[in-house]
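Shown below is the structure under consideration.
The values are calculated or read from the model by the stated rules, or taken from the named source; none is laboratory data. Predicted, not measured: the structure shown is a model, and the values here were computed from it. Reconstructed Cβ throughout: ideal geometry from the backbone, glycine too, with neighbour counts over all protein chains shown.
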């Protein structure tokens, strides 16, 4: 049987969805169909949209761009963050610049991305990767910095090479914080990919969303938004559970040692 403690998050989730649906319905009644369609009509329209064969190429386009952008963000962000965290001076110099880059609206960089990559798949992949790589670098950097110094002293005593230090000490000890960065990086990569499709692509869900906004098709706008929110929430819930499990495991290891 499922324990009450395990059922509580599920119940809280249902309550939150119900409250949001009620608020959505009340807002719909206040502003009307032209400004906001009802929750039920939006769900029906989203289901019909997913059954349309015309939308699946756009879904595939967005999925491929998202996976490639996230893979690039991880492949770049993780090693850079680990190296900056292991080298104190480099980390001290790079962290303020990365924090400033993380804070500025990335849309200001999009004209430069378009000039370099042109309109299409490469531009939105690059834009998504930029969104995801910066938080992964920052979280990985801080994950290494907050490690117990005894790990690095042990590595120096054993005369391990840098790659061996990263593989056998830094990464395993910093996994919970690194995974938090990967989780945040995934969410921001999705945002960046969709923004790239909205402003510099001719395929994808972001492109469909921009087209619907251009003709003020509120039903399509909300249907696409609902599909994207459902996907983002599902992935975030899975990643958050893994994240919490890793942090609990790390806390238990700290207590036992």
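In the stretch 8-25, is there at least one residue being surrounded by 12 or more Cβ atoms within 10 Å (Cβ to Cβ), closer than 25 Å to residue 211 by Cβ and at pLDDT 80 or above?
Yes: the stretch 8-25 contains one or more residues that are surrounded by 12 or more Cβ atoms within 10 Å (Cβ to Cβ), closer than 25 Å to residue 211 by Cβ and at pLDDT 80 or above.
So for the stretch 117-136 (the condition being farther than 23 Å from residue 242 by Cα, loosely packed, with under 13 Cβ neighbours inside 10 Å and more than 25 Å from the chain's Cα centre (by Cα)), does at least one residue qualify?
No, because not a single residue in the stretch 117-136 is farther than 23 Å from residue 242 by Cα, loosely packed, with under 13 Cβ neighbours inside 10 Å and more than 25 Å from the chain's Cα centre (by Cα).
Here's a follow-up. Going through 35, 60, 69 one at a time, which residue ends up being surrounded by 11 or more Cβ atoms within 10 Å (Cβ to Cβ), out of contact with any helix residue (DSSP H, G or I) (no Cβ under 9 Å at 6 or more places or on another chain) and within 26 Å of residue 231 (Cβ to Cβ)?
On the way: 35 fails: out of contact with any helix residue (DSSP H, G or I) (no Cβ under 9 Å at 6 or more places or on another chain); 69 fails: out of contact with any helix residue (DSSP H, G or I) (no Cβ under 9 Å at 6 or more places or on another chain).
Of 35, 60, 69, the one residue that is surrounded by 11 or more Cβ atoms within 10 Å (Cβ to Cβ), out of contact with any helix residue (DSSP H, G or I) (no Cβ under 9 Å at 6 or more places or on another chain) and within 26 Å of residue 231 (Cβ to Cβ) is 60.
To keep it simple, each residue is scored yes or no on (1) closer than 17 Å to residue 240 by Cα; (2) without any contact (Cβ under 8 Å) to a residue 12 or more places away in the chain; (3) touching a strand residue (DSSP E or B) at 6+ places or on another chain (Cβ under 6 Å).
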| site | (1), (2), (3) |
| --- | --- |
| 164 | no, yes, no |
| 167 | no, yes, no |
| 174 | yes, no, no |
| 181 | yes, no, no |
| 185 | yes, no, no |
| 208 | no, no, no |
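For residues in the stretch 173-215 being outside any helix (DSSP H, G or I) and touching a helix residue (DSSP H, G or I) at 6+ places or on another chain (Cβ under 6 Å), which is modelled with the highest pLDDT? I'd like the intermediate steps shown before the answer.
So in the stretch 173-215, the residues outside any helix (DSSP H, G or I) come out as 201-204, 215.
Now narrow it down to the ones that are touching a helix residue (DSSP H, G or I) at 6+ places or on another chain (Cβ under 6 Å): 201, 203-204.
On the way: 201: 73, 203: 85, 204: 88.
The residue in question is 204.
In the stretch 110-129, which residues are outside any helix (DSSP H, G or I) and either touching a residue at least 40 places away in the same chain (Cβ under 8 Å) or under 22 Å from residue 96 (Cβ atoms) (or both)?
Narrowing the stretch 110-129 to residues outside any helix (DSSP H, G or I): 118-120.
Those that are outside any helix (DSSP H, G or I) and either touching a residue at least 40 places away in the same chain (Cβ under 8 Å) or under 22 Å from residue 96 (Cβ atoms) (or both): 119, 120.
If the requirement is being farther than 30 Å from residue 34 by Cβ, touching a helix residue (DSSP H, G or I) at 6+ places or on another chain (Cβ under 8 Å) and in a helix (DSSP H, G or I), which of these qualifies: 170, 228?
170
Within the stretch 144-166, how many residues turn out to be assigned to a loop (DSSP other than H, G, I, E, B) and surrounded by 13 or more Cβ atoms within 10 Å (Cβ to Cβ)?
Final tally of qualifying residues: 2.
Are any residues in the stretch 130-162 farther than 17 Å from residue 178 by Cα and in contact (Cβ under 8 Å) with a residue 40 or more places away in the chain, and if so, which ones?
Scanning the stretch 130-162 gives 130, 152, 162.
Same structure, new question: Kindly evaluate residue 199 against the criterion of being closer than 27 Å to residue 14 by Cα, out of contact with any strand residue (DSSP E or B) (no Cβ under 9 Å at 6 or more places or on another chain) and surrounded by 15 or more Cβ atoms within 10 Å (Cβ to Cβ). Write out each step before concluding.
Details: closer than 27 Å to residue 14 by Cα: no; out of contact with any strand residue (DSSP E or B) (no Cβ under 9 Å at 6 or more places or on another chain): yes; surrounded by 15 or more Cβ atoms within 10 Å (Cβ to Cβ): yes.
Judged against the criteria, residue 199 is not a match.
I'd like to verify a number: residues in the stretch 35-87 that are farther than 29 Å from residue 20 by Cβ, assigned to a loop (DSSP other than H, G, I, E, B) and touching a residue at least 60 places away in the same chain (Cβ under 8 Å), how many?
The qualifying residues number 0.
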